[in-house]
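First comes the structure, then the notes that go with it.
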Amino acid sequence: SGKVRLPLTADATSPTLQFGDGDSGIYQRTDNELTMAMGGAVKYYFQAEKLSLSGKASVMNETSSSTNPVFVATYDDDDTGLGSAGLNISSLIAGGTNMLNVTTTGVGIGTTAPISPLHVTGANKTIASDLYTVNVLSKDSQAANYGGSIGLGGNYATGGGPTGFGSISGRKDNS
């Protein structure tokens, strides 16, 4: 009564609603999912909770948060991707855990409100555990006078470029 019901027997090479030469169109692959095929290959899945790009990235139909991504890079990994901890805060989420936040102030790791261009906050680590809040490591080969370092500096004079004022280094004494 006023409805058109189409058969469920369809696939990517012969979709239920066909366009052009017949290998592009829309069909129902499983219950509550519409699938769009182009050139005989699946390109998009439309589901109640998400739009997926041929089993790759997905856009979730959910409220974004600092631990709930709405843009996910892998079809079957719905808790890893890009979300938002609030207005003007983009959040990178891994396994449902907020890992990194980008704001107009800077990048926050362990904080959603960075107060400098790079703001890292983490639990206190003991020196004996060889775990640190931030690691700066060298990829150089094993040799004397190699190791991680952090440079500190700024503009020394008007119109001049950045100048190094000092550094913190951890270097190996011998080879």
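Going residue by residue through the stretch 105-118, is there one that turns out to be in a loop (DSSP other than H, G, I, E, B), within 14 Å of the chain's Cα centre (by Cα) and surrounded by 12 or more Cβ atoms within 10 Å (Cβ to Cβ)? No - not one qualifying residue is present in the stretch 105-118.
Between Val107, Val70, Val42, the distinction of being touching a Gly at 6+ places or on another chain (Cβ under 9 Å) and modelled with pLDDT of 90 or more belongs to Val70 only.
If you go through the stretch 90-104 and keep only what is in a loop (DSSP other than H, G, I, E, B), on the phi < 0 side of the Ramachandran plot and surrounded by fewer than 13 Cβ atoms within 10 Å (Cβ to Cβ), you end up with just Thr104. Scanning the stretch 15-36 for residues that are within 26 Å of Glu62 (Cβ to Cβ) and either part of a strand (DSSP E or B) or under 27 Å from the mean Cα position of the chain (by Cα) (or both) turns up Ile26, Tyr27, Gln28, Arg29, Thr30, Glu33, Leu34, Thr35, Met36.
With respect to the conditions (1) touching a Phe, Trp or Tyr at 6+ places or on another chain (Cβ under 9 Å); (2) more than 30 Å from Thr133 (Cα to Cα); (3) modelled with pLDDT of 90 or more, Asp11 lacks only one, and its number is (3).
Picking from residues in the stretch 119-131 that are in a loop (DSSP other than H, G, I, E, B) and of a type in the set (A, V, I, L, M, F, W, C), the one that is most open to solvent (accessible area, probe 1.4 Å) is Leu131.
Looking across the stretch 150-175, the residues that are surrounded by 10 or more Cβ atoms within 10 Å (Cβ to Cβ) and assigned to a loop (DSSP other than H, G, I, E, B) come down to Tyr156, Lys172. For the stretch 69-89, the condition of being assigned to a loop (DSSP other than H, G, I, E, B), crowded, with 18+ Cβ neighbours inside 10 Å and of a type in the set (A, V, I, L, M) holds for at least one residue. Which of (1) exposed (fewer than 12 other Cβ atoms within 10 Å of the Cβ); (2) within 18 Å of Lys172 (Cα to Cα) is the odd one out, the single condition Gly147 does not satisfy? Looking at each condition in turn, Gly147 falls short on (1). Each residue in the stretch 17-44 was checked for being on the phi < 0 side of the Ramachandran plot and either in contact (Cβ under 8 Å) with a residue 24 or more places away in the chain or open to solvent by 40 Å² or more (accessible area, probe 1.4 Å) (or both), and 18 pass. If Asn88 meets every condition in (1) more than 24 Å from Thr133 (Cα to Cα); (2) in contact with an Asp or Glu (Cβ under 6 Å, 6 or more places away or on another chain) apart from one, which number is that one? Every listed condition holds for Asn88 apart from (2). Do the conditions hold for Asp140, that is, is it assigned to a loop (DSSP other than H, G, I, E, B) and under 30 Å from Lys43 (Cβ atoms)? Spelling it out, it is not the case that Asp140 is assigned to a loop (DSSP other than H, G, I, E, B) and under 30 Å from Lys43 (Cβ atoms).
The values are calculated or read from the model by the stated rules, or taken from the named source; none is laboratory data. A quick note: this is a predicted structure, and the numbers were derived from the prediction, not measured. When we count neighbours, we look across all protein chains shown, and the Cβ atoms used for this are built from the backbone with ideal geometry, even at glycine. The protein model used for the area step is the full one, side chains on, heavy atoms only, and it has no ligands, DNA or RNA in it. Shrake-Rupley method; radii C 1.70, N 1.55, O 1.52, S 1.80 Å.
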